[in-house]
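Here is the structure we will look at, set down as structure tokens.
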Amino acid sequence: MTATPPTTPPSDTAAQGNAPSGRTTLITGAAGFIGSHLAHRLAQRGDRLILIDDLSTGRSQNLPAHFTQLPHIWRQGQVAAVLKREPELMADVHAVYHLAATVGVRLVVENPVEAIRNNIDQTAALLEAVANHANLINTPASGNTAGNTNGTTKGNVEHAGKNVGSNAAGSVGENVGGNVGGVLVASSSEVYGMTDRIPMREDQTLELGPTTSPRWSYAHSKALDEHMALAYHQNGKARCVVARLFNTIGPRQIGNYGMVVPRFVQRAVAGLPLEIYGDGTQTRCFCDVRDTVEALIRLVETPACHGQVFNVGRAQPISITDLAKRIIARSNSRSTLAYVPYEQAYAQNFDDLMRRAPALEKLQTATGFSATISLDQTLDDLISLERTASTNQHQGAQSVVKPGAKSADRQAEVAARSASQPACNVNVNPGQAEISTNDVKPPRHSGKTGTSWSRSQ
């Protein structure tokens, strides 16, 4: 079933696309934060897009209306249902980016069964569709590789190939995954768990938390996704590469599902206190979504990367207190800092990870990628967007106030109108985001015994 076309397309007119590249790309979670940026980037170079999203956290407004029209294809629904109903969608696919997942502290903690099943079941369905496609098409992969990775050198690819060993795409046959050149399965740095080993390296032992804590259900589900993707690759059914994303931020991200940067920016622009949970010394590394998208494309289009796991992010750490201060300074805000003790922000038995940072040498060696957009540039972009949205929101509220309303009534109408409007036309991706201590508070203890809520930035 085709969804109603978006009514508020983004202003990025460049997404109309250039000359066709001859490639068809499937993106799941396409209406989300990361997925929509990826769709715009690929459309710019001329890819034909097949976009799938159930809009549970994605928003159709993140995609321009022409993305729902030929030559592109838009389908609203879960990945498993769409591909079961229309297996022919895979017929001409050259690359797959699987970003769809249940994310966000509130969604994961309040309904862990649904989150676990959705993350695992949709990944299994996607990989099986690729494998079935291989049996039907059985043609070599597209030759669009390192030449389109914007800086990847032959030496880098060859070096990466040495690390792949028996998992290299060529070692399992040229017909792996039919004419699907690469399948990227998005994972999360959450899979590193409770480790204090910094920086976090792709080959280190994962230290996942106890299954008695719902906080760790997301990490366990993403670890299983990784196992499944690599098993399909090793069995010669798909050319898979896993990307562990670290704190991706940027335009179209909102704080509704627990993302600290958009929440801080929104409150700073409004002049409200920035609430910091704990003592604020927790450190994180933030990467602009536009850099993240470039890294994902290179991973898919570098065959030597297939069969491997790569961290994707930026390696410059910043404490949450310093992040809040920087946002206040760059927005010239009157906001103050408000520290909230863990015992007030969360239920008992809370634990936090004080540091999280990626090792990026493997990604840089294999693809030549290095993030180029600074944290300050991203923050400036977000502050500008939030100010514009706030102004438009206020003007919209003013325009609907009844001319004859009394002053108090007018204020109430404006407040009600403002409360009903989203801060801006943005979204959290059904692809990956890390659970964060300074994010939306989880529900208080419900009275059931043996339950603790915990998260890490």
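Since every read-out is calculated from the coordinates, none of them should be taken as a lab result. The structure presented is a predicted model; accordingly, all values stated were derived computationally and were not measured. Backbone-built Cβ (ideal geometry, glycine too); neighbour counts: all protein chains shown.
What ranking do THR321, THR281 get, fewest neighbouring Cβ atoms within 10 angstrom at the top? Show your work: numbers first, answer last.
Values: THR321 19, THR281 12.
In increasing order of surrounding Cβ atoms, one gets THR281, THR321.
Give me PHE286, PHE246 ranked fewest to most by other Cβ atoms within 10 Å of their Cβ, as a rough exposure proxy. Let's see the in-between values first.
Numbers: PHE286 21, PHE246 26.
With the fewest neighbours first, PHE286, PHE246 line up as PHE286, PHE246.
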Please work out the FRET efficiency for the pair LEU208 and ASN235, using the Cβ-Cβ distance as r and a Förster radius of 30 Å; give the result to the nearest 0.05.
0.75
Quick one: LYS237, LYS84, LYS362, LYS222, fewest Cβ neighbours within 10 Å first, how do they rank?
LYS84, LYS362, LYS237, LYS222
Place +1 on the Cβ of every Lys and Arg and -1 on the Cβ of every Asp and Glu in segment 258-361, take the dipole about the Cα centre, and give the residue among VAL265, VAL300, ASN332 whose Cα lies farthest towards its positive end.
ASN332
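Which of rounded, prolate or oblate describes segment 236-355 when judged by the alpha-carbon gyration tensor and an a/c cut-off of 1.5? Intermediate results must be reported in sequence, preceding the final value.
Working: a/c = 2.83, a/b = 1.85, b/c = 1.53.
Since a/c reaches 1.5 and a/b is larger than b/c, the shape of segment 236-355 is classed as prolate.
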